[in-house]
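The values are calculated or read from the model by the stated rules, or taken from the named source; none is laboratory data. What you see is a predicted model, and the numbers here were worked out from it, not measured in a lab. FYI the Cβ positions are ideal-geometry reconstructions off the backbone, even for glycines, and counts take in every protein chain you see. Please note that ligands, DNA and RNA were not included when accessible areas were found on the heavy atoms of the full protein model with its side chains. Shrake-Rupley method; radii C 1.70, N 1.55, O 1.52, S 1.80 Å.
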Amino acid sequence: MHRDFSIEPPRRRFSVGASARFFYLGEAIARVYEPTQTQLSDLDRAYQSTGEYLVTCPEFDGLLYLVHAHGSRQLGTMVRPMEEFREGFDIDLAACLTREGLQRYGGAGGPARLINDLYAALKRYADRHDLKIERDDRCVTITYAGGMKADFAPIIDDASHVVLHGETHGCIPDRDLQRYMSTNPRGYCRAFDSIAQVAPVFERRVELNATFESLRKSELLPLPDADEVFARLLSRLTQLAKINRNIAFGAPTSGENLAPPSCVVTTLVANAYAIEAPKPHDGPMDLLLDIVQLMPRLIKRLPMPDGSEFWYLDNPTAQNDNLAAGMNTKAKQQAFDAWCERLVADLTSLVDAIDQGAGMDVIARAVERAFGPRARAAVLEDNAQRREANRSANRGIFVVGSSAAVSTPTFAHTNFGD
């Protein structure tokens, strides 16, 4: 249980071509797991309509002034839910009340009254539009047409001078509905965005750009521009980690859900990126592996008298907010460490297959193990289309494992947030 994370893992190097090709492969994989523009438009339209309704509800008498998305929708890290049969995506929403809300909903029973009022207001809306509604521990969930689930959490403004981006700090009902706890979803998004702006340092940047350019010229379809790739690198790396987690743990069952929460995965990837990105790396693949290997060492592991560990992962934008609070069981902690090891192994196997010029069947199997059958199908379909395009142009047969990479058309990454 007690591992020595002070020892630096051995550093290995990949060829420039393998690193570039892996990242383009990752682009295709991430895109097949993220919502389409149509789905995003439907999602935004649905929650904005609900938000406009909530603002005018008599329960809040003008105290509720804004409903906004946060979490993966704003960070650009949204991926499909773990349940394969579900077509809809999950979204986190904050129903924001002015600071005066603390006077109405403060004191004994205040958090429970706040959730009750939110549920009553949203139930009228759900009944009117024939939508499913559920009351959870600290939020209310509406399932919209198409399977999208939206979690509405009430947050009362409560600015703080002791946390990062404290001007957007607030309080949210705790799970027992007896008290409020610190929260700051808007501040968290700003902190993530700041880290994402850190430009990665690639020792072989000139070589890497040259490889991107040669791959772009060698194919009939355009590849993403290198600068565009690097500009959104943190979001892409987070998506790949979350997809692998979903594949490794599968959909939740009636038993204990051992998968690390998205807030833990996202925070660890971002914190590791902030440390590793300014250091020289060969390329995106080298950086990603260093991030994954660093992640377990960024959780504070406090030994307890009974031999167990108490894990703590700080949220710098909220007071005393332990993002790893839900991981303090032996089973969850062991599962997390095992998953990090698997993620390193999966990524290494995939890039090795690319680097060694393995056949498409070998690469497809590595893709499926790391990112699931949906990713495998996307890669095979992309490869088949490219082979046909090359035949039509009398340019021979395209093989992803040899002379070129799976690629995606150049589109500005404007799907998520600001």
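Kindly establish whether Arg124 is farther than 20 Å from Ala69 by Cα, open to solvent by 60 Å² or more (accessible area, probe 1.4 Å) and at pLDDT below 95.
Here the answer is no, as Arg124 does not meet what is asked.
Might you check whether a residue that is of a type in the set (Val, Ile, Thr), modelled with pLDDT of 95 or more, within 19 Å of the chain's Cα centre (by Cα) and open to solvent by less than 30 Å² (accessible area, probe 1.4 Å) occurs anywhere in the range 271-290?
No, because not a single residue in the range 271-290 is of a type in the set (Val, Ile, Thr), modelled with pLDDT of 95 or more, within 19 Å of the chain's Cα centre (by Cα) and open to solvent by less than 30 Å² (accessible area, probe 1.4 Å).
Just checking, which of Leu63, Leu75, Leu114, Leu118 is surrounded by 15 or more Cβ atoms within 10 Å (Cβ to Cβ), touching a Gly at 6+ places or on another chain (Cβ under 7 Å) and modelled with pLDDT of 95 or more? So that I can check it myself, show each step before the final result.
On the way: Leu75 fails: modelled with pLDDT of 95 or more; Leu114 fails: touching a Gly at 6+ places or on another chain (Cβ under 7 Å); Leu118 fails: touching a Gly at 6+ places or on another chain (Cβ under 7 Å).
Leu63 is the lone residue from the list that is surrounded by 15 or more Cβ atoms within 10 Å (Cβ to Cβ), touching a Gly at 6+ places or on another chain (Cβ under 7 Å) and modelled with pLDDT of 95 or more.
Under 9 Å between Cβ atoms, at least 6 apart or on separate chains: pull out the pairs that start in the range 298-315 with a residue that is at pLDDT 95 or above and outside any strand (DSSP E or B) and end on any residue that is open to solvent by less than 40 Å² (accessible area, probe 1.4 Å) and charged (D, E, K, R).
If the second residue must be open to solvent by less than 40 Å² (accessible area, probe 1.4 Å) and charged (D, E, K, R), the pairs left are Asn315/Asp321.
For (1) surrounded by fewer than 13 Cβ atoms within 10 Å (Cβ to Cβ); (2) at pLDDT below 90; (3) not in a strand (DSSP E or B); (4) not aromatic (Phe, Trp, Tyr), each residue gets a yes or a no:
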{"residue": "Phe22", "(1), (2), (3), (4)": "no, yes, yes, no"}
{"residue": "Leu43", "(1), (2), (3), (4)": "no, yes, yes, yes"}
{"residue": "Ala46", "(1), (2), (3), (4)": "no, yes, yes, yes"}
{"residue": "Met82", "(1), (2), (3), (4)": "no, yes, yes, yes"}
{"residue": "Phe85", "(1), (2), (3), (4)": "yes, yes, yes, no"}
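Which count do you get for residues in the range 300-327 that are within 22 Å of the chain's Cα centre (by Cα), polar (S, T, N, Q) and open to solvent by 50 Å² or more (accessible area, probe 1.4 Å)?
So the count comes out to 0.
Select from the range 89-107 the residues that are in contact (Cβ under 8 Å) with a residue 40 or more places away in the chain and part of a loop (DSSP other than H, G, I, E, B) and write down the one among them that is most open to solvent (accessible area, probe 1.4 Å).
Arg99
Could you pull out the residue among Glu59, Glu52, Glu83 that is of a type in the set (D, E, K, R) and free of Cβ contacts under 8 Å to residues at least 24 places away in the same chain?
Going through Glu59, Glu52, Glu83 in turn, just one is of a type in the set (D, E, K, R) and free of Cβ contacts under 8 Å to residues at least 24 places away in the same chain: Glu52.
Looking only at the range 168-184, count how many residues are among the polar types (S, T, N, Q), assigned to a loop (DSSP other than H, G, I, E, B) and crowded, with 21+ Cβ neighbours inside 10 Å.
Within the range 168-184, the first condition is being among the polar types (S, T, N, Q), and the residues that meet it are 168, 178, 182-184.
Adding the requirement that they be assigned to a loop (DSSP other than H, G, I, E, B) leaves 178, 184.
Now narrow it down to the ones that are crowded, with 21+ Cβ neighbours inside 10 Å: 184.
Number of matching residues: 1.
I'd like to check something: does the range 185-207 contain any residue that is surrounded by 15 or more Cβ atoms within 10 Å (Cβ to Cβ), modelled with pLDDT under 60, farther than 30 Å from Pro154 by Cβ and of a type in the set (Asp, Glu)?
no
For the range 217-252: of the residues being modelled with pLDDT of 50 or more and hydroxyl-bearing (Ser, Thr, Tyr), which is nearest to Gly76 (Cα to Cα)?
The residue in question is Ser235.
Among the residues of the range 106-149, which ones are more than 23 Å from Cys171 (Cβ to Cβ) and among the aromatic types (Phe, Trp, Tyr)?
Within the range 106-149, Tyr125, Tyr144 meet the criteria.
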